[in-house]
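The values are calculated or read from the model by the stated rules, or taken from the named source; none is laboratory data. Quantities reported herein were computed from a predicted structural model and do not represent experimental measurements. Quick reminder, even Gly has a Cβ in these numbers, built from the backbone with ideal geometry, and neighbours come from all protein chains shown.
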Amino acid sequence: MYAEKQMIQKIYLIVLTLFTVQSNIAHANLDLPLEGIDGRQHKVSEYLNQGKWVVLNILGTRCPPCREEMPELVHFHDEQNGAMVVAIAIDFPSYGYAKQGEVASFADDYLIDFPVLLSDSSITEKLGLGTLEGLPTTYIFSPEGKVAGMQVGGINQNILKNFIKKSKLQVPGSENQ
């Protein structure tokens, strides 16, 4: 009974953290060019405002919680018609610039078929999303391209699905997105 209560409290805290959005996020600069593991330049903004929910996951390839959550994110991306995942990899544990070969190998190992971009721990500040507080960190963008939530720490597809479902119910006319 005690363990069950602790688990419920932990889930409540995760969901509460997910619903907390920092005020400086409203001024995000998502047009910053970033190299992808495909060698091309990408901007986070090119994936936003396309009528889909976007889950932006910041990870380190050697970060244990990042590795643990990756199958969940891959499955979420693969099954969601109204949502997609974009990842930004940084080096872990140094928080320096991610190594393209290492990240590409990670993407192959986890069968990642969503965009994976490269950066360092300053990426959240450069994007106008505040200071990176830990790995993994996940931002959820609405179909209109606005930050709707964030989570520091591991996440799973049920949390993402429930957050999006609840958010759709709170915005009139968004039930079909």
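Phe163 meets each of the listed conditions (1) assigned to a loop (DSSP other than H, G, I, E, B); (2) farther than 20 Å from Ile37 by Cα apart from (1). Of a type in the set (S, T, N, Q), within 15 Å of Tyr139 (Cβ to Cβ) and either over 12 Å from the mean Cα position of the chain (by Cα) or modelled with pLDDT of 95 or more (or both), is that true of Asn57? The answer is yes for Asn57. The set of residues from the stretch 40-59 being closer than 15 Å to Ile112 by Cβ and either touching a Lys or Arg at 6+ places or on another chain (Cβ under 9 Å) or assigned to a loop (DSSP other than H, G, I, E, B) (or both) comprises just one member, Leu59.
Here's the yes/no breakdown for (1) free of Cβ contacts under 8 Å to residues at least 24 places away in the same chain; (2) crowded, with 22+ Cβ neighbours inside 10 Å:
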position	(1), (2)
Glu72	no, no
His77	no, no
Ile90	no, yes
Ala104	no, no
Ser121	no, no
Glu125	yes, no
Leu132	no, no
Leu135	no, yes
Tyr139	no, yes
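Name the single residue, out of those in the stretch 15-44 being modelled with pLDDT of 95 or more and among the small types (Gly, Ala, Ser), that is surrounded by the fewest Cβ atoms within 10 Å (Cβ to Cβ). Going through the qualifying residues, I end up with Gly39.
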